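Written out below as structure tokens is the structure these notes cover.
The values are calculated or read from the model by the stated rules, or taken from the named source; none is laboratory data. These numbers were taken from a predicted model, which means no experiment stands behind them. Note that we place each Cβ from the backbone using ideal geometry, even for glycine, and neighbour counts take in every protein chain shown. Note: areas computed on protein heavy atoms with side chains; ligands, DNA, RNA excluded. Shrake-Rupley method; radii C 1.70, N 1.55, O 1.52, S 1.80 Å.
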Amino acid sequence: MRIGVFGGSFNPIHKYHEEIATHLINNKYLDKVIFVPTGSKYHYKNNLISDSKRLDMLKLVVDKYPEFKVDNYELKDHEVHTCETLKYLKEENPEDEIVFICGTDNLTYIDSWQDGLSLLENYKFLIIKRDTDEIGEILNRYHKYLDNIKVVDMDQNSLSSTYIRNNISLPEIKQHLDIDVYNYIIENNLYR
């Protein structure tokens, strides 16, 4: 089985996250997708709402799909690096291939991650193009690892969680969120 690891802050999860995961399943890139929310101790993210609320919203979406799962491995009281997460998931699924789902925005600076180049060497990567990133330049930079990098063929979308948070009071935001996630945000007065 090919298991995709979809990491992110999911602050909040939105329809493009859902679209990416379903596209990867429906087009046979993967058999299963595990969503791994970044813990609040991650030092690059200082605007995260509580781990429990982000996890609640993720579950509202993930529970609707049999091929999706959430793993809260990174929700600890200390920072957890991607290399630790992938090692843990490989140990949990020794017979399966672990594939990391990554946007071009993250791939541009993966060499600055803890053991980032080792990740490229030891795991397969599915790359989601962001419309502002020049994929050719990025792939050229990591040419030694091209056997482990596959760019996903799908429509690009600029929707981001930042956009959702910054515009949560606009009526059109509702169309970018699962209805249960939208209701959860309103009921809990999040991002206001």
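I'd like to know if the range 155-166 contains one or more residues that are surrounded by 14 or more Cβ atoms within 10 Å (Cβ to Cβ), modelled with pLDDT of 95 or more, among the charged types (D, E, K, R) and closer than 23 Å to Asn11 by Cβ. Within the range 155-166, one or more residues are surrounded by 14 or more Cβ atoms within 10 Å (Cβ to Cβ), modelled with pLDDT of 95 or more, among the charged types (D, E, K, R) and closer than 23 Å to Asn11 by Cβ.
Does Leu126 meet the test of being surrounded by 13 or more Cβ atoms within 10 Å (Cβ to Cβ) and over 14 Å from the mean Cα position of the chain (by Cα)? No; evaluated as a whole, the condition is false for this residue. Leu24 satisfies every condition listed in (1) open to solvent by less than 20 Å² (accessible area, probe 1.4 Å); (2) without any contact (Cβ under 8 Å) to a residue 60 or more places away in the chain except (2).
Restricting the first member to the range 155-182 and to residues that are in contact (Cβ under 8 Å) with a residue 60 or more places away in the chain, and the second to residues that are assigned to a helix (DSSP H, G or I) and not hydrophobic (A, V, I, L, M, F, W, C), the beta-carbon pairs closer than 7 Å and six or more apart or on different chains are Asn157/Tyr16; Leu159/Tyr16; Leu159/His176; Ile164/His176; His176/Lys15; Leu177/Lys15; Asp178/Lys15; Asp178/Glu18.
The sole residue among Thr108, Thr82 that is in contact with a helix residue (DSSP H, G or I) (Cβ under 8 Å, 6 or more places away or on another chain) and farther than 18 Å from Phe6 by Cβ is Thr108. When Ile110, Ile98, Ile49 are checked against the criterion of being of a type in the set (Val, Ile, Thr) and within 24 Å of Val181 (Cα to Cα), Ile49 stands alone in meeting it. Residues in the range 134-154 that are open to solvent by 30 Å² or more (accessible area, probe 1.4 Å) and either under 17 Å from the mean Cα position of the chain (by Cα) or touching a residue at least 60 places away in the same chain (Cβ under 8 Å) (or both): Lys150, Val151, Asp153. Within the range 97-123, residues that are closer than 15 Å to Lys144 by Cα and open to solvent by less than 10 Å² (accessible area, probe 1.4 Å) reach partners that are modelled with pLDDT under 90 and β-branched (Val, Ile, Thr) with beta carbons closer than 9 Å, at six or more positions or on different chains, in the pairs Leu107/Ile135; Leu107/Ile138.
Open to solvent by 10 Å² or more (accessible area, probe 1.4 Å), within 13 Å of the chain's Cα centre (by Cα) and not polar (S, T, N, Q) - does that describe any residue in the range 32-53? Looking through the range 32-53, none of the residues is open to solvent by 10 Å² or more (accessible area, probe 1.4 Å), within 13 Å of the chain's Cα centre (by Cα) and not polar (S, T, N, Q).
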